[in-house]
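The block underneath contains the structure these notes are about, expressed in structure tokens.
The values are calculated or read from the model by the stated rules, or taken from the named source; none is laboratory data. Given the structure is predicted, the values throughout are model-derived calculations rather than measurements. Using ideal geometry, Cβ is built from the backbone for each residue, glycine included, and neighbour counts are taken over all protein chains shown.
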Ligand code: HEC
Ligand code: HEC
Ligand code: HEC
Ligand code: HEC
Ligand code: HEC
Ligand code: HEC
């Protein structure tokens, strides 16, 4: 009985709604599912050295450079503080675009630096001159601030941002646990109450037995034994027991049936012991450094062995796990990673729509990947999961011209309700089903 209650409270906390979707639509929505405004934000800051350029540089730096560089600390590459005092812009631009070309050209400074950093190659970047200038204005602005405490603040801020997400995700689980604890406390209190009552009854009987002035009826009443067999012979109790038992079984089977085909928690062993914790966590390599298409296209690609070689041509070359990468390249065969997330073909899911346009963090859907030694499927990936989020999440319309008119129309019609994905038609069947 108690277990059933605990189960039910869990189910309530998880809110695994898989109900039918109401069809809400706004006029003028594109039906083709192409990421609207997918290019928004890719606009390079056109120089200027002002606050906008610094902000753009900040974002570009975090996305492209932060896994190897900090302004005030040596990470994989040198600290970039006061870089403009060391090197002129005319040197920095070709260097960032293709550093190995500068090294190969025999540039004295470059060769010395390259050797100093154990001949570790900095990757090439397809950034425009304006984008590079904005990165440099950002670095200069940060150099001005100076103190290492400041720098620590930047990285710590990053970590906290993801932690905050985890905490938010944990919140719902926390609510479920809270209800469970409450139930356990209630049961304990009940048991204590019953025991206390039994003790009190016994004490009173002992007191009564000591009295001489009781007549026969009183004694009979006092010595009366409770007939337990009456309880389970009673039809009402039997009926109740059968009902509760049937309901519990029914509930469990419905839960089990809902789980058919679900692969939440799936965690296969991979052919190479690649750790996201080590790469994305400890070494802070950006997700899109390896999953290069995640902000640009429908699917997030799995990196080819070449991307591993950017670093592992130098790092841990003797490790047996890294040797597996070399062997794959020699044999010209791709590494056979085991796929973890896989929606059925009938559903359409687009990464860039969610990461670039929607601005949703990877961790919202994939969990704390940066803490996983081996990746597992964090979310249920059911239709209910997709739709719940579409009902609750307001559209990320800031700075996205595509949405301007829609927002105006929505505000005119219904200014109180937030403009969610579903008010934009995100729960229409055809958006997700071909
Ligand atoms: C995968 C690691 C990695 C990434 C990512 C990376 N760098 Fe580097 N960077 C290095 C290394 C290592 C060096 C040292 C030179 C060498 O070994 O080639 C370096 C050197 C530099 C230098 C010269 C520093 C000096 O003291 O003269 C600059 C400037 C620089 N990087 C800027 C950038 C910028 C800007 C980005 C982002 C667009 C970036 N780097 C991304 C690894 C990286
Ligand atoms: C150094 C490269 C690298 C970085 C950085 C990296 N990944 Fe990966 N990722 C891989 C490789 C290789 C695989 C395939 C092997 C595996 O599943 O562990 C993978 C697999 C995954 C998968 C499972 C794909 C499937 O099969 O369904 C997810 C999800 C994922 N990564 C998300 C992330 C996120 C989020 C980040 C950033 C926090 C990130 N990755 C950073 C290389 C990387
Ligand atoms: C941006 C640099 C970078 C890239 C790209 C990269 N790694 Fe690494 N990798 C590292 C660093 C740094 C370590 C930690 C080395 C250490 O512990 O000293 C590491 C460690 C490892 C280890 C553990 C080796 C051991 O024996 O301890 C494995 C396995 C590994 N990487 C696999 C991969 C694979 C597979 C890829 C490509 C999908 C990849 N790495 C891409 C930087 C990188
Ligand atoms: C809104 C939820 C959501 C967000 C945000 C999200 N993903 Fe995914 N991811 C999915 C789903 C769903 C799949 C399964 C797609 C399929 O099977 O077609 C998936 C699959 C993947 C895969 C396996 C390859 C593929 O495309 O099927 C990788 C790798 C991956 N995601 C990485 C990332 C990274 C890195 C980020 C952040 C930049 C990210 N994801 C953000 C939901 C999400
Ligand atoms: C964490 C929240 C979240 C989850 C989970 C999620 N989505 Fe979304 N989805 C969004 C947001 C936010 C947008 C709107 C992005 C934009 O256009 O600004 C969106 C947009 C879409 C669109 C485009 C809708 C339109 O109006 O054009 C499709 C299609 C879509 N999602 C499919 C899916 C599928 C399929 C799944 C489940 C596998 C899923 N989503 C899971 C948040 C989510
Ligand atoms: C936000 C995206 C989204 C919307 C909107 C959506 N679905 Fe789904 N639907 C999915 C996903 C993802 C799956 C696969 C779930 C799984 O594998 O458990 C699915 C699965 C299904 C299935 C089960 C197919 C099977 O073989 O298991 C049916 C039926 C279905 N959807 C019908 C609908 C109908 C009808 C609507 C409109 C009222 C609708 N869907 C709207 C994402 C969506």
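Summary of computed values
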quantity: First in the stretch 311-332 and exposed (fewer than 14 other Cβ atoms within 10 Å of the Cβ), second anywhere and assigned to a helix (DSSP H, G or I), Cβ under 8 Å, 6 or more apart; calculated: 316/322
quantity: Unmet criterion (only one of (1) assigned to a loop (DSSP other than H, G, I, E, B); (2) away from ligand 3 (no atom under 16 Å from the Cβ)) for residue 77; calculated: (2)
quantity: Test: residue 248 is at pLDDT 80 or above, assigned to a helix (DSSP H, G or I) and touching a helix residue (DSSP H, G or I) at 6+ places or on another chain (Cβ under 7 Å); calculated: yes
quantity: Top-ranked residue in the stretch 245-288 [being within 16 Å of ligand 1 (Cβ to nearest atom) and more than 16 Å from residue 366 (Cβ to Cβ); ranked as surrounded by the most Cβ atoms within 10 Å (Cβ to Cβ)]; calculated: 284
quantity: Test: residue 297 is under 23 Å from residue 124 (Cα atoms), away from ligand 1 (no atom under 16 Å from the Cβ) and within 25 Å of the chain's Cα centre (by Cα); calculated: yes
quantity: Test: residue in the stretch 278-298 that is out of contact with any strand residue (DSSP E or B) (no Cβ under 6 Å at 6 or more places or on another chain), near ligand 3 (Cβ under 8 Å from one of its atoms) and over 23 Å from residue 69 (Cα atoms); calculated: no
quantity: Filtered residues of the stretch 326-357 (kept if more than 16 Å from ligand 3 (Cβ to nearest atom) and over 18 Å from the mean Cα position of the chain (by Cα)); calculated: 332, 344, 345, 346, 347, 348
quantity: So residue 422, is it away from ligand 3 (no atom under 16 Å from the Cβ) and crowded, with 19+ Cβ neighbours inside 10 Å; calculated: yes
quantity: Counted residues, the stretch 80-128 - those being more than 10 Å from ligand 1 (Cβ to nearest atom), farther than 27 Å from residue 56 by Cα and loosely packed, with under 15 Cβ neighbours inside 10 Å; calculated: 4
